[in-house]
Structure formats: structure tokens, C-alpha cells
Amino acid sequence: MENVSVEVHNLTVSYHSKPVLWDVDFALPTGKIIGIVGPNGSGKTTMLKTIMGLLKPDSGYTEMFGKPLDKVRERVSYVPQRESVDWDFPADVMDVVLMGRYRKNNLFKRITEEDRRIATEALEKVNLLEFAHRQISQLSGGQQQRVFIARSLAQQADIYLMDEPFVGVDAATEDAILKLLRDMKNEGKTVIIVHHDLQTANEYFDWIVLLNTRLVAAGPKEEVFTKELLQEAYGGRLTVLSKLGDLISDTEFPLREPEFKEEKPE
Amino acid sequence: MDPILLKVLIGTTLLAASSAVVGAFSFLKGESLVGDAIAHALLPGVVLAFILGQGRNPLYLIMGALVAGLVAHYSIAFLERRTKLKSDTAVSLILSSFFGIGIMLMSYIQRTGAGQQAGLERFLLGKAAAISMQDLYVFSGLSLLLILGVAVFYKGFQLITFDQDFSASIGLPNNLIQFVFTVLTVLAVTVGIQSVGVVLMAALLITPSAAARSWTASLPRMLALAALFSAVSAALGTAISASLPKMPTGPWIVLVLGALGFGSLIFAPDRGWLARRRRARANQHKTGSENILKLFYGQEERRGEGVQLSFDEIQQIRLHQKDQLLRTLEGLKKSYDLVQNGQKFNLTEKGRIEGRRVVRLHRLWELYLTERLGMAADHIHPQAETMEHVITPEIEKQIIRELGEPELDPHKSHIPYEND
């Protein structure tokens with residue numbers, strides 16, 4: 001692959017000492033809308049969080065644009081699941097979108113006029129400008145999701161990772177998000193989306209990563225969206241794998257021996 | 001006024017305001033109990049520092065509190081991470097053991113007579129009026145520093161409170177911000193216990209914010225209001241306690257705060273209990289009125305336009321409490337939806353449009369339930385009875401579009417549109 005946005009190398013991640021991803025390995029192109037697709041509990045969110053450095057892998061590593069995350073952080077934007085925050089927090093829509101302008105190096109500085117301009121533009125793109133001063137506790141689910149996406153747009157990144165942005169949103173929001181994603185793609189941005197709904201996956205994405213604890217397939221959707229591969233991903237878990245996972249969790253057995261290192265060679 | 005009392009008043013208002021501003025973030029994080037645990041856990045540190053500094057040096061006190069508070073905070077975090085204890089269990093475990101050690105130390109000193117126990121007791125329930133001038137200056141200065149600290153770290157505190165994962169994703173040092181916050185909390189408690197003591201300290205951290213949140217949905221305004229509530233309570237509490245001999249300050253301050261807190265929960269616009277009751281009543285009124293108009297429209301469908309019904313006839317069709325029905329009918333007359341001719345009522349054109357709308361929504365929703373959710377036709381009526389009062393014109397349009405302007409509902413009744 002010529003232009004690699006995200007590379008995931010031999011990644012194994014466990015949660016409460018239970019393995020959620022086993023030796024997953026793939027590389028994603030730039031400038032595409034990419035879906036990470038799989039049934040519930042298949043490790044999609046874990047994958048996204050590990051790429052964002054929020055979870056520590058047991059082994060393996062991930063890179064963006066060929067560099068570790070810390071070197072390219074300002075080119076990456078992350079949209080957590082909508083339900084992961086308390087929407088009763090005292091803030092209005094503009095306050096949240098402005099968070100997209102926060103950086104390590106402006107943490108102690110005031111918000112600038114430029115920040116406000118960028119946030120306003122982002123709100124315009126998601127059609128929420130008239131709601132700029134609405135309390136976030138009064139938003140509908142679809143509006144909340146659009147606020148999160150506006151915050152992400154305000155980051156002006158090159159890669160966008162979004163966790164289930166289509167869950168619980170109305171049809172209007174779904175259309176608005178889709179149109180936005182296509183615009184972003186046309187500007188050369190890469191959008192990576194965790195998505196559980198097979199019905200719409202084929203329509204939304206150019207490229208698909210099919211996940212079920214292990215990697216089932218990754219590639220252009222024409223290659224991945226085959227009956228055999230879908231059945232493999234959705235046709236129940238591999239029983240041996242899940243039995244082993246339970247065993248490791250029950251006995252609190254370490255997933256990798258401490259001496260075993262698999263870092264990227266410098 | 002006595003110049004010393006005036007100084008004490010200004011000092012305690014400052015102390016209280018700064019505790020409230022720091023506590024606001026614990027409140028928003030849903031970690032109110034952590035503040036309480038840290039407050040109780042400070043006791044052993046404070047008592048030891050008091051002995052070492054012979055009760056005279058506030059710097060010893062601050063250091064002792066800081067050490068005890070940080071140890072307590074990280075012990076809680078350790079228990080949560082490394083054991084299978086739930087968070088509330090970890091918090092109470094640390095709270096009670098540290099506090100127990102503190103009380104033990106206090107009684108030990110009391111028995112040996114080594115410490116001036118009269119001075120020590122103020123850490124339990126607070127005695128702001130007896131504070132020394134040196135302490136007052138040091139702690140007032142510290143209060144100003146705390147408020148400044150929150151101002152400097154405002155963006156960081158806001159972000160880790162609202163969305164920790166996002167904060168980490170943009171590379172902010174979450175652990176460092178959390179550490180700074182913990183240090184500020186411990187210092188706020190150290191400052192606060194001068195006026196209310198460790199036992200009641202949680203009130204000073206949490207109650208002002210709980211009260212302030214009822215009045216505003218803006219974080220800066222909430223912080224300012226919490227500081228104000230806290231300062232007012234501290235001033236009143238100190239004044240009362242100073243005028244009554246042997247009265248600790250803590251309980252008075254906390255009582256005033258409590259009154260402000262409960263008052264806010266009851267009277268605040270929008271989020272207050274009264275406002276919500278008013279809303280509930282408005283909804284009830286809307287439901288009642290719409291049901292009567294629906295009833296008239298239904299009768300007109302069956303018997304032709306211009307049907308006249310008496311009070312008793314209405315009550316027969318739809319069981320209503322008498323006085324409630326009377327009130328609803330009066331209201332509908334006032335809004336020109338119904339007119340009264342002698343003992344009988346009938347619809348105006350305005351009322352007819354409204355009645356038609358409610359009937360339409362009811363039938364559309366029934367159809368939507370059967371078509372889209374696959375519900376059986378005999379299960380859908382109760383749902384539609386509620387939804388007909390909730391559905392907005394926007395949602396109505398969407399339903400009509402999705403169902404393709406249907407003619408009949410699942411019971412084969414005609415769905416009446418605006419221009420029918």
C-alpha cells in the first residue's frame with residue numbers, strides 16, 4: 001500500500017485480563033471512508049481506543065502515517081461514543097465544540113478569536129449554528145452526535161476515528177453525517193468508523209475491516225463483503241478462542257510472558 | 001463592628017468560597033464522596049502536624065494535611081484498580097480507617113495531656129471565631145491561591161471532568177491534571193476545616209455546587225454562584241457562632257448552606273421541584289383539553305358536524321373527575337375551542353381543527369406501531385393515547401412521509417387530514 005493512514009501490527013489487547021483482540025494485523029489506506037465492522041463484543045471499540053492510546057496493548061503496536069501517535073497527534077481526531085459522557089454537564093454547544101481547539105500547548109491560554117471562528121465554521125457544517133448557545137442537556141441524540149462531530153471538525157485533523165456515530169440518530173442526522181463524511185473524503189481526509197450494522201455498512205464505506213476478536217478480513221468492500229467472510233465474522237464466535245479467553249481471565253494468567261517483547265525495531 | 005470579628009468574617013468567607021470552587025469539579029465528576037473521604041482522612045495528618053508544630057505553625061498543618069490527603073486519595077485509587085472492591089467500598093474503607101487513626105491520636109494526646117486539646121477539637125467541628133490571626137492570614141492567602149489555581153487549570157479540569165477519553169486523545173496529561181486537582185482538593189479541605197471541621201467538610205465542597213447547578217447551566221457562572229452561596233453561608237454561620245459562646249462554627253455554616261441547597265432544589269427555575277411540578281400540571285392540562293376536543297371530534301365523525309353535548313354526556317363518554325372536567329371545559333371556553341349554549345357545549349372551528357389533529361395523530365401512531373414495529377392491532381391503543389399528546393408537527397410530518405400519506409388506520413378508521 002502506498003499511502004498508509006493507520007497500521008496495526010500484531011495487536012493483542014485484553015480487558016479485565018480477558019483478551020478482546022488476538023493478534024490483529026492490518027494497514028489502512030488514506031483518503032477513504034473505512035468501516036470497522038463486526039458483531040457486538042467483537043473488539044471494535046477496543047481497537048479504536050488502542051489506536052488512540054487509551055488502552056495499552058498486551059503486545060504489538062499501532063502507527064499513524066508511519067509514526068507513533070504522539071508524533072502526529074494534531075493530525076488525528078477521536079470521536080468517542082455519544083453515551084460515554086454525561087450530557088447534563090454544565091456547558092453549551094459552543095463550549096463543547098471549542099474543546100476541539102484545546103491542545104497541550106494552549107492548555108493555559110485563553111480561547112482565541114481564531115478558535116471561535118473555526119468552531120463556528122464546524123457548527124455550520126453540521127447544521128447546528130442556531131443551537132450554538134443551547135445547553136447540551138437539551139439536545140436530542142442526533143444533535144449530540146453532531147456536536148461531537150463538530151468538535152472533531154474543529155480539530156482540523158487528517159484522520160478521524162469515530163465510535164458508532166450512527167447509533168441512535170434520526171434520519172436527518174444520518175444523512176447530514178454521511179454527506180459530511182463524503183465531503184471530508186473529497187478533501188483527502190481519512191475517516192475510520194466503528195459500525196455494527198451490516199445492512200448499511202456496504203453503502204457507507206469504501207473499505208472495510210471485518211473484526212471478530214481476530215481479524216476476519218480487511219480490504220476494499222467488494223473483496224471483503226462476501227458471503228463467506230461475513231458468515232465467518234457473524235456466524236458465532238470461535239469457541240476455542242472464547243474458551244481460552246475465559247480460562248485466561250479466570251486464572252488471571254498473563255497473556256504474554258513478561259520477557260516477551262515485540263516492539264517495533266528502532 | 002469589632003475589627004477582629006470583621007477580619008475573621010472576611011477570612012472565613014474567602015476560605016469557604018475557595019473550597020466551593022474546587023469542590024465543584026468533584027460534584028460534576030460524581031465523586032462527592034471522595035471529597036468527604038479526603039476530609040476525614042486528613043485528621044491523622046493534621047493532628048500529628050499540630051503536635052509537631054505545637055499548634056502554632058500553620059505550615060506544619062498544611063504539610064501534614066497534604067501528606068495524609070494524598071496518601072488517602074492514592075490508596076483509594078489503588079484499591080479500585082488492584083482489587084475487586086467497588087469504588088464506594090474503597091472510599092468508605094479509607095475514610096473510616098484514616099478517621100479512626102485520627103480519633104485515636106486525638107484521644108491519646110488528650111490522655112497524656114501533651115497537646116492543648118481545646119485547640120485540637122476545632123478540627124472536628126470547626127471554630128472559626130477562635131482562629132489565630134496568623135492562621136487567618138495564611139489560610140486566606142491559600143484560598144486566593146486555590147481560586148487562582150482553578151482559573152489557571154480551568155480548561156484541563158473542565159475537559160477531564162466532561163470527557164476524559166477525549167482529553168487523553170488530544171495528548172493532554174490526564175494524570176498530571178488529576179494530580180493537580182487532588183492537591184487543590186486536599187488544600188481546599190485543609191482551608192475549609194478551619195471553619196467547619198473535617199466531619200462536615202463534604203457539605204462545604206459539594207452543597208454550594210449542587211445548589212448553584214440548579215440555577216445555571218454555564219460552568220463559569222456555576223463556579224461563581226457556588227462561591228457566593230458558600231461565602232454567604234460562612235459569613236452568617238461565623239456571625240451566629242461568634243455571638244453565641246461555646247458554639248462551633250461548622251454546624252451553623254452547614255445549616256445555612258443546607259437551607260440554600262434545599263431552597264435551590266425547590267425554587268430554582270426549570271430544574272427546581274416547583275418548576276417541574278408546574279410543567280407536570282401543564283402537561284396534564286394539555287392532555288385533558290386535547291382529550292375533550294378529541295371526544296367532540298369523534299362524536300362529530302359519527303353524528304355530523306355541530307354536535308352538542310352536556311356536561312353529563314361528556315362525563316358518560318369519558319370518565320373524568322367532576323371538578324377537573326369543569327376546569328378543563330372552562331379552559332377550553334377561554335381559548336375559544338368550545339362554546340357553551342345553555343347547558344350544552346359544541347366545537348368552534350378552531351376547536352375542530354385541534355380535535356382533528358389529535359385524532360389524526362392517534363391514528364397515525366397506531367398505524368406506525370403496526371406497520372413499523374409489527375405490533376398487533378389490539379395492543380396499540382394505550383400507547384397511542386399518550387403519544388397523540390407528545391408528537392410534534394415535525395415528527396407528524398415525518399410519520400406521514402414514511403407511511404406515504406395513509407388513508408386508513410389499523411382499525412379501518414379514516415385518518416382525517418387538515419383539508420379534509
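Computed quantities for the displayed model
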quantity	calculated
Computed over the stretch B:207-266: relative contact order in percent, which uses C-alpha pairs under 8 Å that are six or more apart	40 percent
Estimated 222 nm signal from helices in the protein assembly as shown, with DSSP H stretches of n ≥ 4 weighted -39500 (n - 2.57), rounded to 500	-19500 deg cm²/dmol
Principal axis dimensions, largest first and in whole angstrom, of the stretch A:67-139 by Cα	40, 30, 25
Rounded to 10°, Cα long-axis angle of helix B:87-112 versus longest principal axis of chain B	30 degrees
Percentage relative contact order, chain A, counting C-alpha pairs under 8 Å, at least six apart	28 percent
Residue exposure sequence - B:365, B:215 - by fewest surrounding Cβ within 10 Å	B:215, B:365
Semi-axis lengths (Å, descending) of the ellipsoid that matches the C-alpha gyration tensor of the stretch B:110-240	31, 19, 13
Between helix B:249-267 and chain B: long-axis angle, C-alpha atoms, 0 to 90°, nearest 10	10 degrees
Selected from B:36, B:88, B:323 as most flexible by GNM, with chain B as the system and alpha-carbon contacts under 10 Å	B:323
Evaluated at q = 0.15 Å⁻¹: base-10 log I(q)/I(0), Debye formula over Cα of the stretch B:261-420	-0.88
Space enclosed by the convex hull of the alpha-carbon atoms of the stretch B:163-212, per residue, Å³	90 Å³
Loop sites in the stretch A:94-140: trypsin sites (Lys or Arg not before Pro), DSSP, at most 12 other Cβ within 10 Å	A:109, A:110
Degrees, to the nearest 10: B:393-403 long Cα axis against longest axis of chain B	60 degrees
Ratio of Rg to Rh over chain B (Cα coordinates, Kirkwood Rh, two decimals)	1.21
Kirkwood-based shape ratio for the protein assembly as shown, expressed as Rg/Rh from alpha carbons	1.06
Equivalent ellipsoid semi-axes - Cα gyration tensor, the stretch B:252-308, angstrom	48, 6, 5
Chymotrypsin sites (Phe, Trp or Tyr not before Pro) restricted to DSSP loop in the stretch A:18-113 with at most 14 other C-beta within 10 Å	A:108
Listed residues B:276, B:357, B:213, most fluctuating in chain B (Gaussian network, C-alpha, under 10 Å)	B:357
Three-way shape call for the stretch B:1-154 based on the alpha-carbon gyration tensor, with the a/c threshold at 1.5	oblate
Convex hull volume of the stretch A:1-66 per residue (C-alpha atoms, cubic angstrom)	84 Å³
Residue B:176 versus residue B:413: modelled label distance in nm, points set 7 Å from Cα along the beta carbon direction	6.7 nm
Calculated over the stretch A:1-145: convex hull of Cα atoms, volume per residue (Å³)	158 Å³
Candidates B:179, B:166, B:27, ranked by Gaussian network fluctuation over chain B, Cα under 10 Å, top entry	B:166
Loop-located GluC sites (Glu not before Pro) in the stretch B:222-331, at most 12 other Cβ atoms within 10 Å (DSSP)	B:305
Calculated P(r) of chain A - Cα pairs past 28 Å, %	38 percent
Cβ charges +1 (Lys, Arg) and -1 (Asp, Glu), total dipole of the protein assembly as shown, debye	2480 debye
Size of the stretch B:1-73 as Cα extents on the principal axes (Å, biggest first)	41, 33, 14
Summed side-chain charge close to residue B:69 - residues other than residue B:69 whose Cβ falls under 15 Å, Lys, Arg +1, Asp, Glu -1	-2
Kirkwood Rh and Cα Rg combined as Rg/Rh, the stretch A:142-207	0.92
Rounded to 5, the percent of DSSP beta bridges in chain A classed as antiparallel	55 percent
Kirkwood hydrodynamic radius over Cα pairs of the stretch B:309-368, then Stokes diffusion coefficient at 25 °C and 0.890 mPa s, in µm²/s	196 µm²/s
Residue-averaged beta-carbon neighbours from other chains (10 angstrom radius) around B:159-168	6
Shape metrics for the stretch A:82-196, restricted to C-alpha atoms - Rg then Dmax, Å	13.7, 40
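Computed from the coordinates by the stated procedures, all read-outs in this text should not be read as laboratory data. Not measured: the values here are computed from a predicted model. As a convention, Cβ positions derive from the backbone with ideal geometry for all residues, glycine included, and neighbour counts pool all protein chains shown.
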